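So the structure is just underneath, and the comments pick up after that.
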Amino acid sequence: MTSLAVANPGSLIQSVDWVAIAPPLIAAVAALAVLLADLFLPERHKKWLGRLTAAGLALALIALLPLTGGSPRATFCVQNVAGGSDNGGCSYVADHFALVFQLLALGGALIAALLSAHTVEDERLPRGEYWFLLLSSATGAALLPASRDLATMVIALEVASLPAFALVALRRDGRGAEAAFKFFVSSVTATAVMLLGVGFVYAASGSLHLGAVAQGLEHAPGQLRPLAEAGAVLTLVGFAFKVAAVPFHFWVPDTYTGAPLPVAGYLSVVGKAAGLSGLALATTVAFRPYAHTWGLVLAVLAAVTMTAGNVGALRQRFDTRYSAVRLLAWSSVGQAGYLLVPLAAAGYAPTGVDPLGATAAYALIYGVVNLGAFGVVAAVGRRPGTSVDDFRGLFARNRWTALALAFFLLCLAGLPPGVIGLFGKVVVFRAAVDAGLGWLAVVMAVNVVIALYYYLLWTARLFAPGDEPLGEAAAGSRLPVGLAATLGLTASAAVVLSVAPQLVLQVAGGSLF
(Lines give C-alpha, C1' and ligand atoms only; values in the text may rest on other atoms or scores of the structure.)
Protein backbone atom coordinates (compact mmCIF):
# COMPACT_ATOMS: atom_id res chain seq x y z
CA MET A 1 0.00 0.00 0.00
CA THR A 2 1.41 3.37 -1.04
CA SER A 3 1.55 6.05 1.62
CA LEU A 4 0.13 9.42 0.63
CA ALA A 5 1.68 11.19 3.60
CA VAL A 6 4.27 13.90 3.05
CA ALA A 7 7.07 14.96 5.34
CA ASN A 8 5.70 18.48 5.79
CA PRO A 9 1.90 18.60 5.31
CA GLY A 10 1.86 22.31 6.07
CA SER A 11 3.79 22.99 2.87
CA LEU A 12 0.73 22.02 0.84
CA ILE A 13 -1.27 24.93 2.30
CA GLN A 14 -0.66 28.18 0.44
CA SER A 15 -0.73 31.61 1.97
CA VAL A 16 -2.24 34.30 -0.23
CA ASP A 17 -0.28 37.50 -0.77
CA TRP A 18 -3.15 39.92 -0.19
CA VAL A 19 -1.00 42.97 -0.91
CA ALA A 20 -0.11 41.62 -4.36
CA ILE A 21 -3.73 40.97 -5.35
CA ALA A 22 -5.10 44.10 -3.67
CA PRO A 23 -5.68 46.27 -6.82
CA PRO A 24 -8.10 43.94 -8.65
CA LEU A 25 -9.51 42.68 -5.35
CA ILE A 26 -10.46 46.20 -4.20
CA ALA A 27 -12.20 46.84 -7.53
CA ALA A 28 -14.14 43.56 -7.15
CA VAL A 29 -15.16 44.36 -3.57
CA ALA A 30 -16.27 47.83 -4.68
CA ALA A 31 -18.42 46.22 -7.38
CA LEU A 32 -20.15 44.03 -4.80
CA ALA A 33 -20.59 47.02 -2.48
CA VAL A 34 -22.26 49.01 -5.27
CA LEU A 35 -24.55 46.10 -6.09
CA LEU A 36 -25.64 45.73 -2.47
CA ALA A 37 -26.00 49.48 -1.93
CA ASP A 38 -28.24 49.69 -4.99
CA LEU A 39 -30.68 47.32 -3.29
CA PHE A 40 -31.12 49.42 -0.16
CA LEU A 41 -30.53 53.04 -1.14
CA PRO A 42 -33.62 55.09 -2.00
CA GLU A 43 -33.72 56.49 -5.52
CA ARG A 44 -32.85 60.06 -4.46
CA HIS A 45 -29.56 58.88 -2.90
CA LYS A 46 -28.38 56.60 -5.73
CA LYS A 47 -26.13 59.33 -7.10
CA TRP A 48 -23.76 58.22 -4.34
CA LEU A 49 -23.17 54.98 -6.24
CA GLY A 50 -21.06 56.85 -8.78
CA ARG A 51 -19.01 58.42 -6.01
CA LEU A 52 -18.53 55.01 -4.39
CA THR A 53 -17.33 53.67 -7.75
CA ALA A 54 -14.80 56.47 -8.17
CA ALA A 55 -13.62 56.00 -4.58
CA GLY A 56 -13.16 52.25 -5.09
CA LEU A 57 -11.11 52.76 -8.25
CA ALA A 58 -9.01 55.45 -6.58
CA LEU A 59 -8.34 53.10 -3.65
CA ALA A 60 -7.36 50.34 -6.09
CA LEU A 61 -4.88 52.73 -7.71
CA ILE A 62 -3.42 53.61 -4.30
CA ALA A 63 -2.99 49.88 -3.63
CA LEU A 64 -0.42 49.81 -6.46
CA LEU A 65 2.00 51.96 -4.46
CA PRO A 66 3.22 49.26 -2.00
CA LEU A 67 4.06 47.03 -4.98
CA THR A 68 6.44 49.50 -6.64
CA GLY A 69 10.17 49.71 -6.15
CA GLY A 70 10.69 46.16 -4.90
CA SER A 71 11.06 42.69 -6.32
CA PRO A 72 8.03 41.09 -8.02
CA ARG A 73 5.49 39.52 -5.69
CA ALA A 74 3.78 36.27 -6.66
CA THR A 75 0.96 34.18 -5.26
CA PHE A 76 -1.20 31.16 -6.17
CA CYS A 77 1.93 29.19 -6.98
CA VAL A 78 2.47 25.52 -7.72
CA GLN A 79 4.52 24.09 -4.84
CA ASN A 80 6.82 21.14 -4.83
CA VAL A 81 6.97 18.54 -2.07
CA ALA A 82 9.40 20.66 -0.09
CA GLY A 83 7.08 23.62 -0.26
CA GLY A 84 9.26 25.65 -2.60
CA SER A 85 8.05 27.51 -5.66
CA ASP A 86 9.19 30.09 -8.17
CA ASN A 87 7.44 32.77 -10.20
CA GLY A 88 7.41 30.50 -13.25
CA GLY A 89 4.85 28.27 -11.56
CA CYS A 90 2.66 31.07 -10.20
CA SER A 91 -0.72 32.11 -11.54
CA TYR A 92 -0.47 35.73 -10.32
CA VAL A 93 2.70 37.85 -10.46
CA ALA A 94 2.77 41.56 -9.58
CA ASP A 95 5.86 42.61 -11.53
CA HIS A 96 6.69 45.82 -13.38
CA PHE A 97 4.75 44.74 -16.46
CA ALA A 98 1.61 44.01 -14.44
CA LEU A 99 1.80 47.27 -12.49
CA VAL A 100 2.11 49.42 -15.62
CA PHE A 101 -0.93 47.89 -17.26
CA GLN A 102 -2.90 47.84 -14.00
CA LEU A 103 -2.20 51.56 -13.70
CA LEU A 104 -3.55 52.04 -17.21
CA ALA A 105 -6.62 49.84 -16.64
CA LEU A 106 -7.63 51.25 -13.26
CA GLY A 107 -6.70 54.83 -14.13
CA GLY A 108 -8.65 54.62 -17.39
CA ALA A 109 -11.63 53.16 -15.56
CA LEU A 110 -11.50 55.99 -13.01
CA ILE A 111 -11.51 58.65 -15.73
CA ALA A 112 -14.35 56.79 -17.49
CA ALA A 113 -16.28 56.80 -14.19
CA LEU A 114 -15.86 60.56 -13.85
CA LEU A 115 -16.91 60.97 -17.47
CA SER A 116 -19.96 58.77 -16.87
CA ALA A 117 -21.51 60.79 -14.03
CA HIS A 118 -23.46 63.19 -16.24
CA THR A 119 -24.22 60.53 -18.89
CA VAL A 120 -25.91 58.25 -16.37
CA GLU A 121 -28.13 61.15 -15.26
CA ASP A 122 -28.82 62.67 -18.70
CA GLU A 123 -29.64 59.37 -20.42
CA ARG A 124 -31.36 57.92 -17.35
CA LEU A 125 -29.29 54.77 -17.37
CA PRO A 126 -29.86 52.30 -14.50
CA ARG A 127 -27.34 53.54 -11.94
CA GLY A 128 -26.69 50.39 -9.94
CA GLU A 129 -26.25 48.19 -12.99
CA TYR A 130 -24.02 50.71 -14.78
CA TRP A 131 -21.55 51.20 -11.93
CA PHE A 132 -21.48 47.49 -11.03
CA LEU A 133 -20.72 46.50 -14.63
CA LEU A 134 -18.01 49.16 -14.97
CA LEU A 135 -16.25 47.99 -11.80
CA SER A 136 -16.57 44.34 -12.79
CA SER A 137 -15.03 44.95 -16.20
CA ALA A 138 -12.22 47.00 -14.63
CA THR A 139 -11.52 44.08 -12.27
CA GLY A 140 -10.94 41.74 -15.18
CA ALA A 141 -8.80 44.30 -17.00
CA ALA A 142 -6.62 44.72 -13.90
CA LEU A 143 -6.34 40.97 -13.32
CA LEU A 144 -5.22 40.05 -16.82
CA PRO A 145 -1.72 41.65 -16.90
CA ALA A 146 -0.81 39.88 -13.65
CA SER A 147 -2.05 36.48 -14.86
CA ARG A 148 0.64 33.93 -15.62
CA ASP A 149 -1.32 30.92 -16.80
CA LEU A 150 -3.60 30.57 -19.80
CA ALA A 151 -6.67 29.59 -17.77
CA THR A 152 -6.49 32.70 -15.58
CA MET A 153 -5.86 34.86 -18.65
CA VAL A 154 -8.98 33.54 -20.39
CA ILE A 155 -11.08 34.06 -17.26
CA ALA A 156 -9.73 37.59 -16.77
CA LEU A 157 -10.40 38.43 -20.43
CA GLU A 158 -14.00 37.27 -20.13
CA VAL A 159 -14.51 39.11 -16.83
CA ALA A 160 -13.36 42.25 -18.65
CA SER A 161 -15.53 41.55 -21.72
CA LEU A 162 -18.88 40.20 -20.48
CA PRO A 163 -19.83 43.31 -18.43
CA ALA A 164 -18.78 45.46 -21.39
CA PHE A 165 -21.47 43.86 -23.57
CA ALA A 166 -24.12 44.88 -21.05
CA LEU A 167 -22.65 48.38 -20.69
CA VAL A 168 -23.00 48.91 -24.43
CA ALA A 169 -26.62 47.67 -24.34
CA LEU A 170 -27.69 49.94 -21.45
CA ARG A 171 -28.65 52.67 -23.88
CA ARG A 172 -32.33 51.86 -24.42
CA ASP A 173 -32.63 52.35 -28.16
CA GLY A 174 -32.21 50.26 -31.27
CA ARG A 175 -28.70 51.53 -31.91
CA GLY A 176 -27.45 50.40 -28.49
CA ALA A 177 -28.96 46.93 -28.85
CA GLU A 178 -27.48 46.52 -32.33
CA ALA A 179 -24.05 47.66 -31.14
CA ALA A 180 -24.10 45.26 -28.20
CA PHE A 181 -25.21 42.37 -30.42
CA LYS A 182 -22.37 42.93 -32.91
CA PHE A 183 -19.89 43.27 -30.07
CA PHE A 184 -21.19 40.12 -28.37
CA VAL A 185 -21.25 37.87 -31.44
CA SER A 186 -17.77 38.92 -32.57
CA SER A 187 -16.30 38.52 -29.09
CA VAL A 188 -17.90 35.13 -28.42
CA THR A 189 -16.60 33.80 -31.73
CA ALA A 190 -13.08 35.03 -30.94
CA THR A 191 -13.25 33.50 -27.45
CA ALA A 192 -14.36 30.14 -28.82
CA VAL A 193 -11.45 30.10 -31.25
CA MET A 194 -9.05 31.10 -28.46
CA LEU A 195 -10.28 28.31 -26.17
CA LEU A 196 -9.69 25.80 -28.94
CA GLY A 197 -6.15 27.15 -29.27
CA VAL A 198 -5.55 26.91 -25.51
CA GLY A 199 -6.63 23.26 -25.67
CA PHE A 200 -4.16 22.58 -28.47
CA VAL A 201 -1.36 24.32 -26.57
CA TYR A 202 -2.09 22.34 -23.41
CA ALA A 203 -2.10 19.09 -25.36
CA ALA A 204 1.28 19.91 -26.91
CA SER A 205 3.04 21.37 -23.85
CA GLY A 206 1.36 19.59 -20.93
CA SER A 207 0.91 22.79 -18.92
CA LEU A 208 -1.05 26.03 -18.72
CA HIS A 209 1.56 28.13 -16.86
CA LEU A 210 3.23 30.45 -19.35
CA GLY A 211 6.83 29.58 -18.47
CA ALA A 212 6.12 25.86 -18.52
CA VAL A 213 4.29 26.22 -21.84
CA ALA A 214 7.40 27.77 -23.39
CA GLN A 215 9.57 24.90 -22.14
CA GLY A 216 7.04 22.30 -23.27
CA LEU A 217 6.75 23.78 -26.77
CA GLU A 218 10.51 24.00 -27.11
CA HIS A 219 10.92 20.28 -26.37
CA ALA A 220 7.67 19.07 -27.94
CA PRO A 221 7.93 15.95 -30.14
CA GLY A 222 8.01 16.58 -33.86
CA GLN A 223 4.54 15.12 -34.42
CA LEU A 224 3.04 17.62 -31.98
CA ARG A 225 4.62 20.73 -33.49
CA PRO A 226 1.83 21.38 -36.04
CA LEU A 227 -0.70 21.11 -33.20
CA ALA A 228 1.32 23.50 -31.05
CA GLU A 229 1.74 26.04 -33.85
CA ALA A 230 -1.98 25.94 -34.67
CA GLY A 231 -2.79 26.35 -30.98
CA ALA A 232 -0.51 29.37 -30.67
CA VAL A 233 -2.16 31.10 -33.64
CA LEU A 234 -5.70 30.37 -32.43
CA THR A 235 -4.89 31.55 -28.90
CA LEU A 236 -3.77 34.92 -30.19
CA VAL A 237 -7.11 35.49 -31.96
CA GLY A 238 -8.98 36.39 -28.77
CA PHE A 239 -6.41 38.96 -27.74
CA ALA A 240 -6.25 40.38 -31.26
CA PHE A 241 -10.02 40.94 -31.08
CA LYS A 242 -9.72 42.96 -27.86
CA VAL A 243 -6.94 45.07 -29.37
CA ALA A 244 -9.20 45.62 -32.43
CA ALA A 245 -6.55 44.42 -34.85
CA VAL A 246 -7.53 43.71 -38.45
CA PRO A 247 -9.51 41.61 -39.38
CA PHE A 248 -11.14 41.66 -35.91
CA HIS A 249 -11.93 45.37 -36.00
CA PHE A 250 -15.29 45.56 -37.79
CA TRP A 251 -17.25 45.83 -34.55
CA VAL A 252 -15.45 48.98 -33.40
CA PRO A 253 -17.19 51.88 -35.26
CA ASP A 254 -20.73 50.58 -34.77
CA THR A 255 -20.14 49.57 -31.15
CA TYR A 256 -18.59 52.92 -30.20
CA THR A 257 -21.44 54.75 -31.94
CA GLY A 258 -24.20 52.77 -30.22
CA ALA A 259 -22.64 52.69 -26.75
CA PRO A 260 -22.93 55.50 -24.19
CA LEU A 261 -20.03 57.83 -24.90
CA PRO A 262 -18.06 57.08 -21.68
CA VAL A 263 -18.36 53.36 -22.44
CA ALA A 264 -16.90 53.95 -25.90
CA GLY A 265 -13.98 55.81 -24.32
CA TYR A 266 -13.56 53.00 -21.78
CA LEU A 267 -13.45 50.34 -24.49
CA SER A 268 -10.98 52.34 -26.56
CA VAL A 269 -8.47 52.51 -23.69
CA VAL A 270 -9.12 49.94 -20.95
CA GLY A 271 -10.43 47.21 -23.25
CA LYS A 272 -7.49 47.72 -25.57
CA ALA A 273 -5.03 47.66 -22.64
CA ALA A 274 -6.41 44.33 -21.44
CA GLY A 275 -6.07 42.72 -24.85
CA LEU A 276 -2.63 44.22 -25.38
CA SER A 277 -1.29 42.90 -22.06
CA GLY A 278 -2.63 39.42 -22.80
CA LEU A 279 -1.14 39.46 -26.27
CA ALA A 280 2.24 40.54 -24.90
CA LEU A 281 2.27 37.81 -22.24
CA ALA A 282 1.17 35.07 -24.62
CA THR A 283 3.72 35.90 -27.29
CA THR A 284 6.83 36.92 -25.37
CA VAL A 285 6.51 34.38 -22.54
CA ALA A 286 4.43 31.35 -23.56
CA PHE A 287 5.17 31.27 -27.29
CA ARG A 288 8.75 32.50 -27.18
CA PRO A 289 10.05 29.37 -29.04
CA TYR A 290 8.05 30.53 -32.07
CA ALA A 291 9.22 34.13 -31.84
CA HIS A 292 10.11 34.63 -35.50
CA THR A 293 6.78 33.17 -36.61
CA TRP A 294 4.53 35.35 -34.45
CA GLY A 295 6.91 38.27 -34.88
CA LEU A 296 6.27 38.27 -38.62
CA VAL A 297 2.53 37.73 -38.13
CA LEU A 298 2.28 40.65 -35.70
CA ALA A 299 4.38 42.86 -37.99
CA VAL A 300 2.00 42.24 -40.89
CA LEU A 301 -0.98 42.65 -38.54
CA ALA A 302 0.39 45.97 -37.28
CA ALA A 303 0.93 47.29 -40.81
CA VAL A 304 -2.54 46.27 -42.01
CA THR A 305 -4.27 47.50 -38.84
CA MET A 306 -2.75 50.98 -38.82
CA THR A 307 -3.44 51.34 -42.54
CA ALA A 308 -7.07 50.18 -42.29
CA GLY A 309 -7.72 52.42 -39.30
CA ASN A 310 -6.26 55.56 -40.84
CA VAL A 311 -7.88 54.99 -44.24
CA GLY A 312 -11.23 54.40 -42.51
CA ALA A 313 -10.82 57.66 -40.60
CA LEU A 314 -9.77 59.45 -43.78
CA ARG A 315 -12.96 58.34 -45.52
CA GLN A 316 -15.20 59.52 -42.67
CA ARG A 317 -17.44 62.42 -43.68
CA PHE A 318 -17.40 65.26 -41.15
CA ASP A 319 -20.98 66.39 -41.73
CA THR A 320 -22.73 63.11 -40.87
CA ARG A 321 -24.30 62.24 -37.52
CA TYR A 322 -22.02 60.44 -35.06
CA SER A 323 -19.00 61.30 -37.21
CA ALA A 324 -17.04 62.57 -34.18
CA VAL A 325 -17.28 59.22 -32.38
CA ARG A 326 -16.77 57.23 -35.58
CA LEU A 327 -13.63 59.22 -36.35
CA LEU A 328 -12.27 58.46 -32.89
CA ALA A 329 -13.23 54.80 -33.39
CA TRP A 330 -11.30 54.49 -36.64
CA SER A 331 -8.46 56.44 -35.06
CA SER A 332 -8.33 53.90 -32.22
CA VAL A 333 -7.96 51.10 -34.79
CA GLY A 334 -5.03 52.96 -36.34
CA GLN A 335 -3.48 53.53 -32.92
CA ALA A 336 -3.81 49.78 -32.23
CA GLY A 337 -1.52 49.21 -35.19
CA TYR A 338 1.14 51.44 -33.63
CA LEU A 339 0.78 49.57 -30.32
CA LEU A 340 1.43 46.25 -32.08
CA VAL A 341 4.74 47.42 -33.59
CA PRO A 342 6.90 46.89 -30.45
CA LEU A 343 5.24 43.50 -29.90
CA ALA A 344 6.28 42.49 -33.40
CA ALA A 345 9.77 43.85 -32.73
CA ALA A 346 9.97 41.63 -29.62
CA GLY A 347 9.93 38.60 -31.90
CA TYR A 348 13.12 39.77 -33.61
CA ALA A 349 14.91 41.44 -30.71
CA PRO A 350 18.13 39.74 -29.54
CA THR A 351 18.27 38.15 -26.11
CA GLY A 352 18.42 40.75 -23.34
CA VAL A 353 16.67 43.45 -25.39
CA ASP A 354 13.05 44.16 -24.45
CA PRO A 355 11.10 46.51 -26.74
CA LEU A 356 7.84 45.94 -24.84
CA GLY A 357 8.50 49.07 -22.81
CA ALA A 358 7.71 51.06 -25.96
CA THR A 359 4.25 49.48 -26.09
CA ALA A 360 3.63 50.26 -22.41
CA ALA A 361 4.81 53.86 -22.79
CA TYR A 362 2.73 54.48 -25.89
CA ALA A 363 -0.33 52.83 -24.31
CA LEU A 364 -0.10 55.18 -21.31
CA ILE A 365 0.19 58.23 -23.57
CA TYR A 366 -2.65 57.09 -25.82
CA GLY A 367 -4.89 56.33 -22.83
CA VAL A 368 -4.59 59.83 -21.38
CA VAL A 369 -5.16 61.81 -24.58
CA ASN A 370 -7.84 59.54 -26.06
CA LEU A 371 -9.98 59.65 -22.92
CA GLY A 372 -9.50 63.41 -22.93
CA ALA A 373 -10.77 63.62 -26.51
CA PHE A 374 -13.84 61.56 -25.60
CA GLY A 375 -14.37 63.90 -22.65
CA VAL A 376 -14.46 66.95 -24.91
CA VAL A 377 -16.88 65.21 -27.30
CA ALA A 378 -19.12 64.46 -24.31
CA ALA A 379 -18.89 68.06 -23.12
CA VAL A 380 -19.66 69.61 -26.50
CA GLY A 381 -22.14 67.13 -27.91
CA ARG A 382 -24.79 67.04 -25.19
CA ARG A 383 -27.18 65.38 -27.64
CA PRO A 384 -26.88 62.15 -29.67
CA GLY A 385 -25.31 62.15 -33.09
CA THR A 386 -22.64 64.83 -32.74
CA SER A 387 -20.73 65.40 -35.97
CA VAL A 388 -17.25 66.82 -36.45
CA ASP A 389 -18.76 69.87 -38.14
CA ASP A 390 -20.62 70.63 -34.90
CA PHE A 391 -17.24 71.62 -33.44
CA ARG A 392 -16.81 74.43 -35.97
CA GLY A 393 -16.08 77.71 -34.20
CA LEU A 394 -15.80 76.13 -30.76
CA PHE A 395 -12.87 78.39 -29.85
CA ALA A 396 -15.05 81.49 -30.15
CA ARG A 397 -17.65 79.98 -27.80
CA ASN A 398 -15.53 78.12 -25.28
CA ARG A 399 -11.83 78.64 -25.80
CA TRP A 400 -10.58 76.35 -23.02
CA THR A 401 -12.57 73.36 -24.22
CA ALA A 402 -11.42 74.02 -27.78
CA LEU A 403 -7.78 74.34 -26.72
CA ALA A 404 -8.02 71.09 -24.75
CA LEU A 405 -9.38 69.18 -27.75
CA ALA A 406 -6.82 70.76 -30.08
CA PHE A 407 -4.04 69.66 -27.72
CA PHE A 408 -5.40 66.11 -27.50
CA LEU A 409 -5.68 65.85 -31.29
CA LEU A 410 -2.13 67.16 -31.76
CA CYS A 411 -0.89 64.60 -29.23
CA LEU A 412 -2.61 61.82 -31.16
CA ALA A 413 -1.09 63.18 -34.37
CA GLY A 414 2.37 63.49 -32.81
CA LEU A 415 2.78 67.20 -33.48
CA PRO A 416 4.08 69.96 -31.18
CA PRO A 417 2.97 71.22 -28.73
CA GLY A 418 1.74 67.66 -28.14
CA VAL A 419 5.32 66.64 -27.43
CA ILE A 420 4.39 63.48 -25.54
CA GLY A 421 2.59 62.09 -28.59
CA LEU A 422 5.64 62.82 -30.74
CA PHE A 423 7.98 61.14 -28.27
CA GLY A 424 5.69 58.12 -28.07
CA LYS A 425 5.74 57.64 -31.83
CA VAL A 426 9.52 58.06 -31.90
CA VAL A 427 9.90 55.34 -29.26
CA VAL A 428 7.69 52.95 -31.24
CA PHE A 429 9.48 53.83 -34.49
CA ARG A 430 12.85 53.18 -32.87
CA ALA A 431 11.71 49.76 -31.62
CA ALA A 432 10.91 48.74 -35.19
CA VAL A 433 14.22 50.02 -36.56
CA ASP A 434 16.30 48.39 -33.81
CA ALA A 435 14.61 45.06 -34.51
CA GLY A 436 15.51 45.26 -38.19
CA LEU A 437 11.91 45.88 -39.30
CA GLY A 438 12.73 48.78 -41.58
CA TRP A 439 9.77 48.11 -43.88
CA LEU A 440 7.38 48.31 -40.93
CA ALA A 441 8.94 51.62 -39.86
CA VAL A 442 8.31 52.98 -43.37
CA VAL A 443 4.66 51.84 -43.27
CA MET A 444 4.28 53.50 -39.88
CA ALA A 445 5.78 56.77 -41.16
CA VAL A 446 3.36 56.81 -44.11
CA ASN A 447 0.41 56.19 -41.79
CA VAL A 448 1.49 58.96 -39.43
CA VAL A 449 1.37 61.36 -42.40
CA ILE A 450 -2.10 60.09 -43.38
CA ALA A 451 -3.35 60.57 -39.82
CA LEU A 452 -2.03 64.14 -39.76
CA TYR A 453 -4.59 65.08 -42.41
CA TYR A 454 -7.78 64.22 -40.53
CA TYR A 455 -6.44 65.27 -37.12
CA LEU A 456 -5.48 68.69 -38.50
CA LEU A 457 -8.80 69.04 -40.35
CA TRP A 458 -10.69 68.53 -37.09
CA THR A 459 -8.34 70.93 -35.28
CA ALA A 460 -8.86 73.58 -37.96
CA ARG A 461 -12.64 73.40 -37.51
CA LEU A 462 -12.25 74.42 -33.87
CA PHE A 463 -10.91 77.83 -34.93
CA ALA A 464 -13.07 78.36 -38.04
CA PRO A 465 -16.13 80.68 -38.04
CA GLY A 466 -19.00 78.77 -36.46
CA ASP A 467 -22.75 78.58 -36.45
CA GLU A 468 -25.09 78.54 -33.48
CA PRO A 469 -23.74 77.04 -30.23
CA LEU A 470 -24.17 73.32 -29.66
CA GLY A 471 -24.71 72.04 -26.14
CA GLU A 472 -24.00 73.60 -22.78
CA ALA A 473 -20.21 73.44 -23.02
CA ALA A 474 -20.15 75.01 -26.44
CA ALA A 475 -22.37 77.83 -25.25
CA GLY A 476 -19.96 78.61 -22.45
CA SER A 477 -22.07 77.44 -19.50
CA ARG A 478 -20.55 75.63 -16.59
CA LEU A 479 -19.61 71.99 -17.12
CA PRO A 480 -20.84 69.25 -14.78
CA VAL A 481 -18.32 68.34 -12.09
CA GLY A 482 -17.51 64.94 -13.60
CA LEU A 483 -16.83 66.36 -17.05
CA ALA A 484 -14.76 69.21 -15.65
CA ALA A 485 -12.71 66.74 -13.59
CA THR A 486 -12.17 64.53 -16.65
CA LEU A 487 -10.95 67.37 -18.83
CA GLY A 488 -8.83 68.81 -16.02
CA LEU A 489 -7.13 65.51 -15.20
CA THR A 490 -6.44 64.45 -18.77
CA ALA A 491 -5.34 67.90 -20.00
CA SER A 492 -3.08 68.42 -16.98
CA ALA A 493 -1.53 64.97 -17.40
CA ALA A 494 -0.94 65.53 -21.12
CA VAL A 495 0.68 68.93 -20.50
CA VAL A 496 2.89 67.63 -17.68
CA LEU A 497 4.02 64.66 -19.75
CA SER A 498 4.77 66.93 -22.72
CA VAL A 499 6.93 69.13 -20.49
CA ALA A 500 8.59 66.17 -18.76
CA PRO A 501 8.19 63.17 -21.10
CA GLN A 502 10.75 61.20 -19.13
CA LEU A 503 8.06 60.52 -16.52
CA VAL A 504 6.41 58.02 -18.86
CA LEU A 505 9.19 57.28 -21.32
CA GLN A 506 11.35 55.84 -18.55
CA VAL A 507 8.94 52.90 -18.74
CA ALA A 508 10.60 52.09 -22.07
CA GLY A 509 14.08 52.25 -20.62
CA GLY A 510 14.29 48.76 -19.19
CA SER A 511 12.84 45.30 -19.24
CA LEU A 512 9.22 44.94 -18.21
CA PHE A 513 9.71 41.40 -16.94
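Can you tell me which of LEU170, LEU195 is under 24 Å from the mean Cα position of the chain (by Cα) and at pLDDT 90 or above?
Result: LEU195 is the single residue among LEU170, LEU195 that is under 24 Å from the mean Cα position of the chain (by Cα) and at pLDDT 90 or above.
Name the one entry in VAL481, VAL496 that is farther than 25 Å from SER331 by Cα, at pLDDT 80 or above and exposed (fewer than 15 other Cβ atoms within 10 Å of the Cβ).
After ruling out the rest, the residue left standing is VAL481.
Name the single residue, out of those in segment 31-48 being modelled with pLDDT of 90 or more and within 13 Å of PRO126 (Cβ to Cβ), that is most open to solvent (accessible area, probe 1.4 Å).
LEU35
Could you check TYR92 against (1) in a helix (DSSP H, G or I); (2) at pLDDT 85 or above; (3) buried (at least 22 other Cβ atoms within 10 Å of the Cβ) and say which number it fails?
The number of the failed condition is (1).
Does any residue of segment 232-248 turn out to be surrounded by fewer than 22 Cβ atoms within 10 Å (Cβ to Cβ), of a type in the set (Phe, Trp, Tyr) and not in a helix (DSSP H, G or I)?
No: segment 232-248 contains no residue that is surrounded by fewer than 22 Cβ atoms within 10 Å (Cβ to Cβ), of a type in the set (Phe, Trp, Tyr) and not in a helix (DSSP H, G or I).
From VAL193, VAL198, VAL185, which residue is among the β-branched types (Val, Ile, Thr), in a helix (DSSP H, G or I) and under 27 Å from PRO262 (Cβ atoms)?
Just one listed residue meets the conditions, VAL185.
In segment 414-428, what residues are within 20 Å of TYR348 (Cβ to Cβ) and without any contact (Cβ under 8 Å) to a residue 40 or more places away in the chain?
VAL426
Going by what's in this entry, would ALA20 be described as among the hydrophobic types (A, V, I, L, M, F, W, C), in a helix (DSSP H, G or I), modelled with pLDDT of 85 or more and surrounded by 11 or more Cβ atoms within 10 Å (Cβ to Cβ)?
Against the criterion (among the hydrophobic types (A, V, I, L, M, F, W, C), in a helix (DSSP H, G or I), modelled with pLDDT of 85 or more and surrounded by 11 or more Cβ atoms within 10 Å (Cβ to Cβ)), ALA20 does not qualify.
Examine segment 143-162 for a residue that is open to solvent by less than 40 Å² (accessible area, probe 1.4 Å), more than 30 Å from GLY89 (Cβ to Cβ) and either in contact with a helix residue (DSSP H, G or I) (Cβ under 8 Å, 6 or more places away or on another chain) or in contact (Cβ under 8 Å) with a residue 40 or more places away in the chain (or both), and state whether such a residue exists.
No, the conditions are met nowhere in segment 143-162.
Every residue in segment 205-220 that is part of a helix (DSSP H, G or I) and either under 28 Å from VAL246 (Cα atoms) or open to solvent by less than 10 Å² (accessible area, probe 1.4 Å) (or both), please.
Within segment 205-220, LEU210, VAL213, ALA214, LEU217 meet the criteria.
Mind telling me which of the residues VAL341, VAL269, VAL263 ends up being in a helix (DSSP H, G or I), touching a residue at least 60 places away in the same chain (Cβ under 8 Å) and over 28 Å from GLN506 (Cα atoms)?
Sole residue among the options that is in a helix (DSSP H, G or I), touching a residue at least 60 places away in the same chain (Cβ under 8 Å) and over 28 Å from GLN506 (Cα atoms): VAL263.
For LEU103, indicate whether it is free of Cβ contacts under 8 Å to residues at least 60 places away in the same chain and either open to solvent by 10 Å² or more (accessible area, probe 1.4 Å) or out of contact with any helix residue (DSSP H, G or I) (no Cβ under 6 Å at 6 or more places or on another chain) (or both).
Judged against the criteria, LEU103 is not a match.
So THR119 ticks every box in (1) part of a helix (DSSP H, G or I); (2) open to solvent by 20 Å² or more (accessible area, probe 1.4 Å); (3) in contact (Cβ under 8 Å) with a residue 40 or more places away in the chain; (4) touching a Pro at 6+ places or on another chain (Cβ under 9 Å) but one. Which box is left unticked?
Unmet for THR119, out of (1) part of a helix (DSSP H, G or I); (2) open to solvent by 20 Å² or more (accessible area, probe 1.4 Å); (3) in contact (Cβ under 8 Å) with a residue 40 or more places away in the chain; (4) touching a Pro at 6+ places or on another chain (Cβ under 9 Å): (2).
Looking at segment 163-175 only, could you name the residues that are assigned to a helix (DSSP H, G or I) and surrounded by fewer than 24 Cβ atoms within 10 Å (Cβ to Cβ)?
Passing the criteria: PRO163, PHE165, ALA166, ALA169, GLY174, ARG175.
Which one of the conditions (1) among the polar types (S, T, N, Q); (2) open to solvent by 30 Å² or more (accessible area, probe 1.4 Å); (3) within 20 Å of VAL154 (Cα to Cα) does GLN223 fail to meet, given that it meets all the rest?
The one condition GLN223 does not meet is (3).
Residues that are over 17 Å from the mean Cα position of the chain (by Cα) and among the polar types (S, T, N, Q): does segment 367-383 have at least one?
no
Out of all the residues in segment 119-131, is one or more out of contact with any strand residue (DSSP E or B) (no Cβ under 8 Å at 6 or more places or on another chain) and closer than 30 Å to ASP95 by Cα?
yes
Does segment 435-454 contain at least one residue that is more than 25 Å from the chain's Cα centre (by Cα) and more than 20 Å from LEU301 (Cα to Cα)?
yes
The values are calculated or read from the model by the stated rules, or taken from the named source; none is laboratory data. Every value quoted in this text rests on a predicted model; they were computed, and no experiment measured them. Using ideal geometry, Cβ is built from the backbone for each residue, glycine included, and neighbour counts are taken over all protein chains shown. The protein model used for the area step is the full one, side chains on, heavy atoms only, and it has no ligands, DNA or RNA in it. Shrake-Rupley method; radii C 1.70, N 1.55, O 1.52, S 1.80 Å.
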